[in-house]
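**Student:** Let me give you the structure first, and then I'll get to my questions.
The values are calculated or read from the model by the stated rules, or taken from the named source; none is laboratory data. All of these numbers come straight from a predicted model, not from anything done at the bench. A quick note on method: Cβ atoms are made from the backbone with ideal geometry, for glycine too, and the neighbour counts reach across all protein chains shown. Just so you know, the surface numbers come from the protein's heavy atoms only, side chains and all, with ligands and any DNA or RNA stripped out. Shrake-Rupley method; radii C 1.70, N 1.55, O 1.52, S 1.80 Å.
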Amino acid sequence: SSRTARSEEDRDSLWDAWGSWSECSRTCGGGASYSLRRCLSSKTCEGRNIRYRTCSNVDCPPEAGDFRAQQCSAHNDVKYQGQFYEWLPVPNDPDNPCSLKCQARGTALIVELAPKVLDGTRCYTESLDMCISGLCQIVGCDRQLGSAVKEDNCGVCNGDGSTCRLVRGQYKSQLSANKLDDTVVAIPYGSRQVRLILKGPDHLYLETKTLQGVNSENSLSTTGSFLVENSSIDFQKFPDKEILRMSGPLTADFTIKIHYAGAADSSVQFIFYQPIIHRWRETDFFPCSASCGGGYQLTSAECFDLRSNRVVADQYCHYYPENIKPKPKLQECNLDPCPASDGYKQIMPYDLYHPLPRWESTPWTACSSSCGGGIQSRSISCVEEDIQGHISPVEEWKCMYTPKMPVVQPCNIFDCPKWLAQEWSPCTVTCGQGLRYRVVLCLDHRGMHTGGCSPKTKPHIKEECIVSTPCYKPKEKLPLEAKLPWYKQAQEMEEGTAVSEEPSFIPEAWSTCSVTCGVGSQVRLVKCQVLLSFSQSVADLPIDECEGPKPVSQRPCYSGPCSGEATEYTPEEPEFLYGSLQEFDELYDWEYEGFTECSESCGGGKCKMFLCCI
């Protein structure tokens, strides 16, 4: 190894010192500069006599144009084969990317106008590699020659991809007579590597909005590459599909829309990297905990909006799982002894055994309202834990390295249960006086049948109706009101009481009829129950704890006539009898025949009821 070191020293000693760096080949966009050295030996020196470095690594203004295009246009004033042409660059030559090949506008003529492009010209349009002395040299994203460092998908040099997120999806068109276009996807400012593919007869178009609020639209009518709000767009239009690419970063908010152009459906697949625009930013140190004698001070983190350059609520940063809030830093401060003290105050550094001061909260109080919006509160205090684990309250400023937790919050913001009355049924008769029914439900904010509605505001489920056609009834017989399905449904809804926070009678379902034919009975269990709000469980109470009339636990039932019998069941239910009847000579009575099949299987339909007058 010592012999190798001496040989390298001998080799370098044959060279003169490196000269100063030359002027940069470009003023912006990345150029090249070189330095020379002279061989001092009469023999050949080992190594190179020239070295290069990058320079002017700042972006050029949009109006500066492409560097290769500038070199082509410099030949516009020079005749080629006796004729003037307007020359356009031919980039990305796979065989010789560092030669100046140009194409005459409006023709297929491509000519190599120079064997080498100027130093600093990009080898390829989508690469930082640059041509130096006619050779393509590798350039990393750190703008250093020979560097292999690359940008991540978020555009961060040597990054780990944590500053953006991949967005991938698919859109399918939904044709509508009243709809001419629709939004496919909104792509925010700063997004990269955007790619969309439309398959079908429809067409893509763009809407943009800059950070200054300027709106514009682009129809994407022809194939080509163009600029929209200084963002480069590559668009390809085929008979059966369209392809849109934007390398980014986008300089405005882009909304991709679809214009319906045919009867067939279209689909759009899209993928892009969306920047995380809300990032944690570490604050400066807070004031020292002591003015002398030794104290400590802490940092915090605040959520920062990269677009508006302002601090926003922490919830915006918590939205991104990739965002990890920095831990606070602690340092000692004001270590000089206090004037009244003749000793030095030792500072115990904070570590795992001596945690930082923190906010502590009491449990939330019960909500001030069970529905319709209320508030609940709690107490917040700053506490400190010593090495022995003892917790004691301290001044609030010691906890200000993290935001103070809210002391009040809304609760039970959902709407209170409300009565919902459905439509009235038709009158149960076609002549004289009858009844009509409706179902009245107590619905909560989710649309579920529940309890909790005020009985005082409940709409009635039954009312009288009069048909102008007179009916003739005998005096000695009182006709029963037809028990139609509307009343049965309303009665079942009435009985299906839900458990509430007030003690109430809760009947269970009726048992089956005690007989299979003729007159029998049904029974059910009626309990006194209450809903315990804190545990959301139901508790049984003694019967005398519930107020109001207890629902019946037994009722008669009729299972139809037994074989060989002609039994007629007429339950005695006074509430279904007419209060007064007039005397007539002839007897007419209604007989319920049933319903026709519903016109719809779901979503609401119609059916007819048949009543026979006998």
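**Student:** Would you confirm whether or not region 288-309 contains a residue that is closer than 30 Å to residue 199 by Cα, outside any strand (DSSP E or B) and in contact with a Gly (Cβ under 7 Å, 6 or more places away or on another chain)?
**Tutor:** Taking every residue of region 288-309 in turn, none turns out to be closer than 30 Å to residue 199 by Cα, outside any strand (DSSP E or B) and in contact with a Gly (Cβ under 7 Å, 6 or more places away or on another chain).
**Student:** For region 158-189, give me each residue that is open to solvent by 50 Å² or more (accessible area, probe 1.4 Å), more than 24 Å from residue 260 (Cβ to Cβ) and more than 25 Å from the chain's Cα centre (by Cα).
**Tutor:** Result: 158, single match.
**Student:** From the list 211, 220, exactly one residue is of a type outside the set (Ser, Thr, Tyr), in a loop (DSSP other than H, G, I, E, B), open to solvent by 40 Å² or more (accessible area, probe 1.4 Å) and touching a strand residue (DSSP E or B) at 6+ places or on another chain (Cβ under 9 Å). Which is it?
**Tutor:** Being of a type outside the set (Ser, Thr, Tyr), in a loop (DSSP other than H, G, I, E, B), open to solvent by 40 Å² or more (accessible area, probe 1.4 Å) and touching a strand residue (DSSP E or B) at 6+ places or on another chain (Cβ under 9 Å) holds for just one of 211, 220, which is 211.
**Student:** Could you run through region 23-76 and say how many residues are touching a strand residue (DSSP E or B) at 6+ places or on another chain (Cβ under 7 Å), assigned to a loop (DSSP other than H, G, I, E, B) and either in contact (Cβ under 8 Å) with a residue 60 or more places away in the chain or buried (at least 16 other Cβ atoms within 10 Å of the Cβ) (or both)?
**Tutor:** So the answer is 8.
**Student:** May I pose another question? For region 285-318, enumerate the residues that are within 20 Å of residue 190 (Cβ to Cβ) and open to solvent by less than 10 Å² (accessible area, probe 1.4 Å).
**Tutor:** The answer is 303, 317.
**Student:** Can you find a residue that is within 30 Å of residue 337 (Cα to Cα) and modelled with pLDDT of 85 or more anywhere in region 204-220?
**Tutor:** Within region 204-220, none of the residues are within 30 Å of residue 337 (Cα to Cα) and modelled with pLDDT of 85 or more.
**Student:** Take the residues of region 130-144 that are at negative phi and surrounded by fewer than 17 Cβ atoms within 10 Å (Cβ to Cβ): which is nearest to the chain's Cα centre (by Cα)?
**Tutor:** Among those that are at negative phi and surrounded by fewer than 17 Cβ atoms within 10 Å (Cβ to Cβ), it is 142.
**Student:** Now for a separate question. Condition check: over 13 Å from residue 256 (Cα atoms) and open to solvent by less than 80 Å² (accessible area, probe 1.4 Å). Does residue 236 satisfy that?
**Tutor:** yes
**Student:** Here is a list: 103, 81. Which entry is among the polar types (S, T, N, Q) and surrounded by 13 or more Cβ atoms within 10 Å (Cβ to Cβ)?
**Tutor:** So the residue among 103, 81 that is among the polar types (S, T, N, Q) and surrounded by 13 or more Cβ atoms within 10 Å (Cβ to Cβ) is 103.
Conditions (1) in the same structural domain as residue 426 (by the TED database); (2) modelled with pLDDT of 80 or more; (3) surrounded by 10 or more Cβ atoms within 10 Å (Cβ to Cβ), marked per residue:
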site	(1), (2), (3)
518	no, yes, yes
574	no, no, no
581	no, no, yes
594	no, no, yes
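**Student:** Additional query: Pairs under 6 Å by beta carbon, first residue at positive phi in region 247-263, partner assigned to a loop (DSSP other than H, G, I, E, B) and open to solvent by less than 50 Å² (accessible area, probe 1.4 Å), six or more apart or different chains?
**Tutor:** 248/191
**Student:** Could you please let me know if residue 380 is more than 30 Å from residue 448 (Cα to Cα), modelled with pLDDT of 90 or more, surrounded by 12 or more Cβ atoms within 10 Å (Cβ to Cβ) and not charged (D, E, K, R)?
**Tutor:** yes
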